[in-house]
Structures are given as structure tokens and as C-alpha cells.
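The values are calculated or read from the model by the stated rules, or taken from the named source; none is laboratory data. This structure is a prediction, so every number in the text was calculated from the model and none was measured. All Cβ positions, glycine included, derive from the backbone under ideal geometry; neighbour counts span all protein chains shown.
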Amino acid sequence: MYVEKLVCSRCGEVHYPDEKVFFCSRIDGRLDIYYDYDSISDVLTRDLIENRKKGIWRYKELLPTREEVYLGEGNTPLIKARNLSEELHIEIYLKDETRNPTWSFKDRPIAVGVAKGVEFGVEVAVTASSGNAAASLAAFSARAGIKSVAFVPHFSGLGKVAQLIMYGAKVVRLKWTGSEDPTVRMMKEVALRYNWYPVPSFGPFNPYQFEGNKTISYEIAEQLSWTSPDWIMIPVGGGGLLAGSWKGFKEFRELDFIPDVPRIAAVQPEGNAPLVRAFKQGRGPFDIEPWGEPHTIATGLEDPYPWDGDAALTAIRESGGTAVSVSDDEILESQKLLARREGIFAEPSGVASLAGMIKLVKEGSIDRGDKIVVLITGGGLKDMDVILERAEIPPVLEPDVNVVMSYLGL
Ligand SMILES: Cc1ncc(COP(=O)(O)O)c(C=O)c1O
Ligand SMILES: [Zn+2]
């Protein structure tokens, strides 16, 4: 392992790799993980990476664990969006994260978080999640022989709850009324009281899983023949995906694997956009106001307080990027567009990035000649409720050609 130290993002407290530590003693910040890049660059080359098994573990020198829990995570396709590129006169690539083992990108961070739990010898893992991270934790814990407990909000999509049940997690659905996220409070309380291993997908409670997000950028760089795109569109909830992706690109540049890094665009729903608001107001990284009462169909992006918002805000600014919010209607429109024009069915949280891209292109914030990667982060079947509430369900017909043809109107 090439971890040098862990440093609290808020108070600067330092820890070392062999300590069994998840947060700083004040529980106030994320333990940022620093690696010995000189030693890594002595051993890790682009050739070596290319000759290894595909997936997130081919970058193991850049991950903070000696263990591996493998379900086929990562190695997702980067697909040229031919139809959308033509329509919008711009070069668009879709990083299709719906193909992960539990159908969302969360398998990247959670695989790393659970692998670290195996290294620590933990028996119970606990998470707070709108559904995807919990589903992923349940699957990887099942694989690793660890018990899992998941606190999810009452509005979590049925597909996600079904996953939790089937993977054998203890599922606790909590009523969420005000502005405080009850799932996080409960996770924190039981983790501290019973010494359970916290594995949400935000850094302040588990710094190891945060690192798994980096692998999405490593893959994109490899898939673009060791270059980076001009822009990358990232949907934001807690901000871990965005901040981790940025760290991944920066590390690859530091190791001289790629010449440049992309600009980052953060996308949030209008019904919960604390990071976008903070960016537009020019706030400092530790001065992000929580959203009052979140309300959006993109339930995966409904964190009123972006736990990794400090790192995410810094990443957007360092990259020369931007932040944009989109309405639920724009998200639903993009969901349809992606399915009908490119054949990828994603959940609302997973296509907010596309809605954001369309808005930025229309506004002229992105140049027409640019190469853009859009992260499509979660599969459509997870949120069937959203579809069924809006779609017209076809009637049941007599199996008669005339009846069928008159119905089809073709
Ligand atoms: C499908 C999907 N996309 C994007 C995100 C946002 O990721 P993050 O919370 O790391 O910002 C989530 C978070 O739950 C998600 O479920
Ligand atoms: Zn601290």
C-alpha cells in the first residue's frame, strides 16, 4: 500500500495508514488520503495498467486497501453518443455506469470501502443513503461475509429497496420531513455507540470509499487513449463523485499518464442545489449553506448538505469549471432523450448530468468544438415509480392483426 498519511480537511489532524481510523477525533472533517506518488511512479506504468485485469483493482497502487472485493465493478463502456452529438453539434461521450454490478457508479466507492472493512476485520457495516450506496453496500457486504444495516429515507425508489431486501441487508426506512437528513444522524449514532463500520458514500464518515470514485477518471483517461476530455458533466449529491473524479484526473497528470485535466461541471436539481448556489455566490469551501427542504425526483441527489462539498467546490474552481441546476422536467426530458436516442435507460439522478450539459451548451458556456464526457450514474429500473407515475401504460388488446394495426396507427 502506498498511503503516506491521512489528514483532516478541517482541522489538519494527521493519521497513518495502519491505524483503524474512520474520522478525525473531532468528527468534523474528511480524512484526506495522501499517497507516495514518487514510489508509485517507480512501479506503475501505463503498460502495466493495460496488462492487468480490467476494473477498478488494476489501479490498486492508487487505492488505500490491501484487500479486494470483486463483483465486476468498473470497466464500464465509454460510448460515443452519435445521435446526440449530431443533433447538438458537439462531441459527446457517455460513461455508462448503469452497467456496474448493482447498476450504479456507487459500486466503485463501496467496493473500496468494503475491502477496507475486510482488512479491518469488521463484522457490521452501516450506511445512510438515498438507496444506491446502500444497495451497493448490501451486495459487497454479502460477498465479503459482513452484516449490513441500511438507513434509507421513506421516498427511496422501490427498485433500490428491493435490492436491499434481496442482498440481505437489514433495511430501516426512515421518515424524512424537515431539512435534517435522518439517515445520516442515525448512522452516526449507531456507528459511534456500537462501533459499527460506517460506509456511506461521503468522505467525512469513511475516507476509504471516497478513493474508489477516482477510478472513473482513470478509466475515462485510458478509454480516450490517455488523454482527458475538455469537459466532464457530473451529477452532485454529497459531492464525493465530483471531488473523487477530480482527484483521479489530477493524480494521472501528476504521474504523467495524461497531459491535461478536464473542466468540471457540477449538476444539481433545482429542488436541491446547495453546491450550485454556493458556487454562484462565491462562497468558501467551508461556508456552504445546507438546502432548506429538498424536493426533487432525482432522489439520489437529495443531500441537503453536500458532505464533500468543500472538496467539490474547490475542484470546480481549480478546474476552471462551472455549476448548473436543472428542473425536474428537464431531467425527465433528458431521461427520455437518452433512452430514445442512445438506448440507455438511466434513473433521474443518473441523467441530471445530461440535462445540465444541454443547458450549458444552449447557454454558450461550452464551446461547440469541445469533447464532453457525461457521467450516466444509475440504471432506470431502480426508480420505476417515477416512470409508472408518468407513463401511459399500453392497453391490453385482443390478439388480432386488425385490432393491433389500428392501435399502432402505422
Ligand atoms: C445515481 C446517482 N448519481 C449521482 C449521485 C451523486 O453522487 P455524490 O453523492 O457522490 O455526489 C448519486 C448519489 O447518491 C446517485 O445515486
Ligand atoms: Zn478534524
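Of note:
- Looking only at segment 12-55, and only at residues there that are in contact (Cβ under 8 Å) with a residue 12 or more places away in the chain and small (Gly, Ala, Ser), the one that is nearest to ligand 1 (Cβ to nearest atom): GLY29
- The set of residues in segment 205-249 being assigned to a helix (DSSP H, G or I) and polar (S, T, N, Q) consists of GLN209, THR215, SER217, GLN223, SER245.
- Condition check for PRO204 on (1) crowded, with 24+ Cβ neighbours inside 10 Å; (2) away from ligand 1 (no atom under 16 Å from the Cβ): one failure, at (2).
- Index of the failed condition, GLU86 passing every other in (1) in contact with a helix residue (DSSP H, G or I) (Cβ under 8 Å, 6 or more places away or on another chain); (2) under 20 Å from LYS336 (Cα atoms); (3) free of Cβ contacts under 8 Å to residues at least 12 places away in the same chain: (1)
- GLY378, sole failed condition from (1) exposed (fewer than 12 other Cβ atoms within 10 Å of the Cβ); (2) closer than 26 Å to ASP329 by Cα: (1)
- Pick from segment 297-328, criterion among the hydroxyl-bearing types (Ser, Thr, Tyr) and modelled with pLDDT under 95, ranking: nearest to ligand 2 (Cβ to nearest atom): TYR305
- Residues being farther than 22 Å from MET357 by Cβ and either of a type outside the set (Phe, Trp, Tyr) or modelled with pLDDT under 95 (or both) - total across segment 251-289: 14
- In this structure, ARG58 does not satisfy being away from ligand 1 (no atom under 16 Å from the Cβ), in the same structural domain as ASP230 (by TED's automatic domain parsing) and charged (D, E, K, R).
- Looking across THR296, THR322, THR314, one residue alone is surrounded by 21 or more Cβ atoms within 10 Å (Cβ to Cβ) and farther than 21 Å from PHE105 by Cα. It is THR322.
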